[in-house]
Amino acid sequence: MAILVNANSKVLVQGITGREGEFHTRQMLEYGTKVVAGVTPGKGGQQILGVPVYDTVKQAVAETGANVSCIFVPAPFAPDAILEAADAGIEVIVCITEGIPVQDMIRVVNYLKRCTQSRLIGPNCPGITTAGECKVGIMPGNLFRKGNIGLVSRSGTLTYEIVHELTRAGFGQSTCVGIGGDPIIGTTFMDVLPMFEADPQTEAIVLVGEIGGSDEEIAAEYIKHHMTKPVIGFISGRTAPPGKRMGHAGAIISGGKGSAQSKVQALSEAGVPIADTPAEIPQLVRARLRSCLG
Amino acid sequence: MKLHEYQAKQILHDVGLPVPQGEVTSSPEGVRAIAERLGRRVVIKAQVLMGGRGKAGGIQLANTPDEAEQIVRNLLGKRLISPQNPQGMVVEKVLVEEAIDIAKEFYIGITVDRTSQRNALMVSQYGGMDIEEVAATHPDAIATVDIDPCIGLTDYKAREVLYAAGFDSALIRPLAPILHGLYRAYLACDANLAEINPCALTTDGQLMVADAKMTIDDNALFRQKRLAAYREESAEDPIEAEAQQRGVAYVRLGGNIGIIGNGAGLVMCTVDEVARAGGKPANFLDIGGGAKAEQVRQAVEIVLMDPNVKGLLFNIFGGITRGDEVAQGILDALQTMDIRIPIVVRLAGTHAEEGLALLRGTPLIPAETMQEAARRIVSLVQASAT
């Protein structure tokens, strides 16, 4: 089962002829992902790694039945690429691109919600991996093992670190979703938690948050009232000073809001055990699963 | 990127908002000339990007050009210190404006609301103080509406928010265009914060932009060429300014252990881990995704500009970033710089094995996990201090 993408997903890569696009298409193919098409305006008719390239997303969808898109288009053009994918009826749009202006994302996200059925993941995210089935994005595939832990995270490399710890401790994963480090993102914790709750394969969820915004606090409120499966949390940026943007555009404590302490407190009050360090996550998962069984 | 008051006011003036007449200068003679041209009482405002500027003595009235020149002679080069900014900032420029007689002060602001995923417009009759302070002391005095990005700010929403904040009926009609103008400027500049605080009602019934603040989205500077030129003025710390110029995500944290990693979340986590191990992080530095050896070498250079750094920790979990590129970058740094501090390197993920092979036989200290790396560098730095 898992969520969002699986072995049947037909993936389209926007920006497939670029350096990053081609590199990661190769990695996705090696993982077993069905990459059925690429799109680069002006390069239709070419083949990259055996994948046919089209000029428009509409053409690619019509010819190949692609239903998931992975975007590697540079920031000035990425908002347009997201809209093109949505208007072509793509169900899940994964935008890897970092550095998109926030005003562009406000327009795109509001349009998507109102006028399309598409779900946007990201931008500024590592993508989605359903272990053993399908990898859309840039996560290193060799870290994953098929299993029952769902993971949702605002970070990229920190997610790899945590997946690595889980796998080492014997916990495989259902789906890992990198929702992205920008202030305006298509999918938040709040959107992913119900999917994991409804997914029969997922038995426990690891939620990886960071400073900035209040999505973790909102997620805590949801967990308290609606989640029956155990959720384990981690928050990075506990020692970050207020007013400083810590790399991610969204990782900033401003106006007295978005501190790690507030997030840790909200999640703890919702019954979510919080790991002090990524290495602690597997033992917390083990403890919570055991208490659920008992 | 934060703009100075004079820059924000220029932008608001350009969209047609009422801004007091004035000019910016960095010389006392310049101040005299401006004051003479204005030909009336002037207010002198230090252009420093810090809160509490007024209480720190950065805003002063002058009745004559002589007085204005005298005030600025004392002000230029002086370090202003406020509770919000205990380190203080040196005054390099002043804005000289016609003084206005203020009867009432209001607040108007627009910012990105992450929860509604829209821009939010806020107004209040409590102007002239920090909006967070108003939110804490008089939460009911702030009215907010979110703006539909597909429709823009409608007239009725502008009226609605002003009525909701309890503004006098007679003020609704003159205030609405100011709301619209601020939103136009906010969008045109790719801002993520624009504030008129205070928006002054003068004793003769005029509305004026008495002070203004704008923060521009760094991600949009590629299409905001005019504003990008202001960039170097906006950094508060010289190393942060240098890093900004080179396009490196660096934040100074004040300790003695330099930290370099890939990915903001992982670097933040590494900083936390060093603090947990009892160390004091000197900085946050994210080399980003897919960094090449040269970028890694530059990262080392930037971190070592801080003379307090007594040890360096690399934490790399490779996805797009390759461990061997990072290792090569560190070795290049060792070759081109005179480095006498311990460096602990933790490499995992893509091409980590190849990277570790490159490091064998060098003075670099490998570590297997982030925790081990943090503990290692903390104990090495503590040992070198005794």
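The values are calculated or read from the model by the stated rules, or taken from the named source; none is laboratory data. Here the structure is a predicted model, which means the values were calculated and not measured. When we count neighbours, we look across all protein chains shown, and the Cβ atoms used for this are built from the backbone with ideal geometry, even at glycine. To get the accessible areas, we keep the full protein, side chains included, count just its heavy atoms, and leave off ligands, DNA and RNA. Shrake-Rupley method; radii C 1.70, N 1.55, O 1.52, S 1.80 Å.
What the table below lists for this structure:
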item	result
Over region B:1-148: Kirkwood hydrodynamic radius from C-alpha pairwise inverse distances, Å	17.0
Whole-Å semi-axes of the ellipsoid equivalent to chain A (Cα gyration tensor, √5λ, descending)	31, 22, 16
Compactness of region B:102-228 as Cα Rg over 2.2 N^0.38 Å, two decimals	1.04
Cut-off under 5 Å, modelled amide H: who pairs with A:C70 long-range	A:L12, A:V13, A:Q14, A:V94
Distant-in-sequence amide H partners of B:L193 (H built 1.01 Å from N, under 5 Å)	B:T215
Relative contact order [Cα under 8 Å, 6+ residues apart], region A:139-292, whole percent	24
Over region A:15-171, volume per residue of the alpha carbon convex hull, in Å³	109
Partners for A:K10 among lysines (Cα-Cα distance below 17 Å; same-chain residues under 8 apart left out)	A:K34, A:K58, A:K135
Histogram of C-alpha separations across the protein assembly as shown, 20 Å bin width, %	17, 47, 30, 5, 0
Average accessible surface area per residue within region B:238-385, 1.4 Å rolling probe, Å²	38
Radius 11 Å from Cβ of B:A374, net charge of other residues (Lys, Arg +1; Asp, Glu -1)	+1
In nm, spacing of pseudo-spin labels at A:I218 and B:Q87 (7 Å Cα→C-beta vector)	3.3
Rg/Rh ratio calculated on Cα atoms of region A:124-216 (Kirkwood radius)	0.93
Hydrodynamic radius of region A:210-293 per Kirkwood, over alpha carbon pairs, in Å	13.4
Nearest-20 debye value, region A:139-292 charge dipole, Cβ charges on Lys, Arg, Asp, Glu	300
Distance cut-off 19 Å, percentage of C-alpha pairs in region A:139-292 lying past it	49
Nearest-20 debye value, the protein assembly as shown charge dipole, Cβ charges on Lys, Arg, Asp, Glu	840
Directionally averaged projected area (convex hull, Cα atoms, region B:279-386), nm²	6.2
Region B:21-98 - charge dipole about Cα centre, Lys and Arg +1 at Cβ, Asp and Glu -1, debye rounded to 20	300
Percent accessible area from carbon and sulfur atoms, region A:139-292, protein chains only, probe 1.4 Å	51
Surrounding net charge for B:F317, when Lys and Arg each add one and Asp and Glu each subtract one, Cβ distance under 9 Å	0
Compactness of chain B, expressed as Rg and Dmax over alpha-carbon positions, Å	25.3, 79
Phi to ³J(HN,Hα) by Karplus 6.51 cos²θ - 1.76 cosθ + 1.60 over region A:72-85, Hz, x for Gly, Pro	10, 7, x, 3, x, 10, 5, x, 5, 5, 5, 4, 4, 4
Residue among A:G45, B:G319, A:Y111 farthest towards the positive dipole end of the protein assembly as shown, charges placed on Cβ	B:G319
Number of Lys pairs (Cα under 25 Å; 8 or more positions apart or on different chains) in region A:139-292	6
Long-range lysine pairs (8 or more apart or interchain), chain B, Cα under 20 Å	23
In sequence order, calculated HN-Hα J values of region B:257-266 (Karplus, 6.51, -1.76, 1.60; Hz; x Gly/Pro)	10, x, 10, 10, x, 10, x, 4, x, 5
